[in-house]
1. How would the stretch 37-187 be classified by its alpha-carbon gyration tensor: rounded, prolate or oblate, with rounded meaning a/c under 1.5 and the a/b versus b/c comparison settling the rest?
2. In the stretch 227-336, which chymotrypsin sites (Phe, Trp or Tyr not before Pro) fall in coil by DSSP and have 13 or fewer other Cβ atoms within 10 Å?
3. Return the single residue from 294, 130, 75 with maximal mean-square fluctuation; model: Gaussian network over the chain, springs between Cα atoms under 10 Å.
4. Using alpha carbon centroids, what distance separates the stretch 177-215 and the stretch 1-21, in Å?
5. Check which residues have an amide H placed less than 5 Å from residue 229's amide H, if you skip close sequence neighbours.
6. If you take every residue apart from residue 236 with its C-beta less than 10 Å away from the C-beta of residue 236, what net charge results, scoring Lys and Arg +1 and Asp and Glu -1?
7. Which ³J(HN,Hα) values, rounded to whole Hz and listed in residue order, are derived for the stretch 88-100 from phi using the Karplus coefficients 6.51, -1.76 and 1.60 in 6.51 cos²θ - 1.76 cosθ + 1.60 with θ = phi - 60°, glycine and proline given as x?
8. Full extension from residue 33 to residue 98: what is 0.36 nm times the residue separation minus their Cα-Cα distance, to one decimal in nm?
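A short reminder: the numbers here are calculations on the coordinates, not readings from a lab. It should be emphasised that the depicted structure is a prediction, and the values quoted were computed from it without experimental measurement. Glycine gets a Cβ as well: all are built from the backbone with ideal geometry, and neighbour counts include every protein chain shown.
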Amino acid sequence: MKILVTGGAGYIGSHTCVELLNKDYEIIVVDNFSNSKMESLNRVKEITNKDFKIYNVDMCDYENFEKIFINEKIDGVIHFAGLKAVGESVSIPLKYYQNNLISTLNLIEFMKKYNVNNLVFSSSATVYGDPEIIPIPETAKLNATNPYGRTKLMIEEILRDFCVANKDFNVALLRYFNPIGAHKSGKIGEDPNGIPNNLLPYISQVAVGKLKKLRVFGNDYDTVDGTGVRDYIHVVDLALGHIKAIEKLLTNPGLVTYNLGTGNGTSVLEMIKAFEKASGVKINYEIVDRRPGDIASCYADPTKAKSELNWEAKYNIDDMCIDTWNWQKNNPNGYN
Ligand code: NAD
Ligand code: UFG
């Protein structure tokens, strides 16, 4: 089976490429490298000892993107490509709407035209907004609270409409919780541009000495210790979830939706402790005001993915911290 991986050079995409190749899928990657480096794909080849074709193409570029469908016989698509920084999406919303929506509209237009009927889409727990029920089931109310989240919600709705009109089309909407960690080899991992927004890349850059101090955004939430609670999931578990989703699509289910999370919540202070244990490095931090837009707690009810995909997360927080640290200390400057 030949899978087109969009955004395959990125953090989750590169880890998924490794797992697909390990399972003998044939892959092709399209990426415009707006938030990634070619080096991540060189490392994927090194880890797996397998080769694959890479298209350096912007999916919003209609003509050049279509050429991939003309040249290749594709059986399914995993669509990771997109811009993902919440704060940036508030400052430059049009860029987010243009990039995330147009790339996806082009993709499904070509999938229909060239008869490619199976699509796995990277959605996000952000579509639940500030959740009313925790752990969050897939049936929870949807309510995005920023432009990035709204692109995810809009794409989910576009795909729902598309599936109603195209009965042969199968889509898995995968709502990820908080992916962290890295491949065991320490050769690929998360390599954010500039100062990281997310907790784990920030902690690991403090640990490696690139950043001075972590700011903990608020300790007055209604949580175990007052700091924000999230459902962190190992990126390799997440990658394996995509393979289960592809297998599911081959049974012609139409549109299906799954949370990919562990079902466990971890607070910021608990994460700092776990990272200190994994790295042996003391993390310098201070408590500051809440970050606007943050919620107190967010974790998944992952039972649907377990019963319908036969998938469940295997790695715990200690594993995630050990693997993040292994990547960070071996690559203090990421892929540079
Ligand atoms: P990433 O930025 O590392 O990877 C995305 C990739 O898409 C990058 O390599 C980027 O260059 C590429 N890309 C962006 N726009 C493109 C375009 N127009 N044409 C071609 N390539 C393009 O992000 P990631 O963390 O690997 O996330 C992958 C997907 O999962 C994204 O859609 C993201 O919104 C979603 N997601 C991520 C998280 C998270 O915390 N990392 C959580 C939930 C959902
Ligand atoms: N945090 C800090 N200091 C930091 C960074 C984060 O205290 O420097 C705290 C946050 O306040 C929050 C927790 O750590 O309580 C996690 O924050 P992240 O920024 O790592 O993750 P979020 O849950 O806020 O958001 C992430 C992605 C979103 C995605 C969401 C749900 O950034 O794109 O998970 O999947 F939508």
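1. Details: a/c = 1.57, a/b = 1.20, b/c = 1.31.
Judged from the Cα gyration tensor, the stretch 37-187 comes out oblate (a/c at least 1.5, b/c at or above a/b).
2. On the way: sites: 232, 258, 275, 285, 299, 311, 315, 325, 327, 335; in loops: 299, 311, 315, 335.
Passing both the DSSP loop test and the Cβ count: no residue.
3. Comparing 294, 130, 75 in the GNM, the peak value goes to 294.
4. So the two Cα centres are separated by 21 Å.
5. 297, 298
6. In short, -2.
7. With coefficients 6.51, -1.76 and 1.60, one gets 4, 5, 6, 7, 10, x, 4, 4, 5, 5, 4, 5, 6 Hz.
8. Numbers: separation 65, 0.36 × 65 = 23.40 nm, distance 1.67 nm.
Here the segment from residue 33 to residue 98 would lengthen by 21.7 nm.
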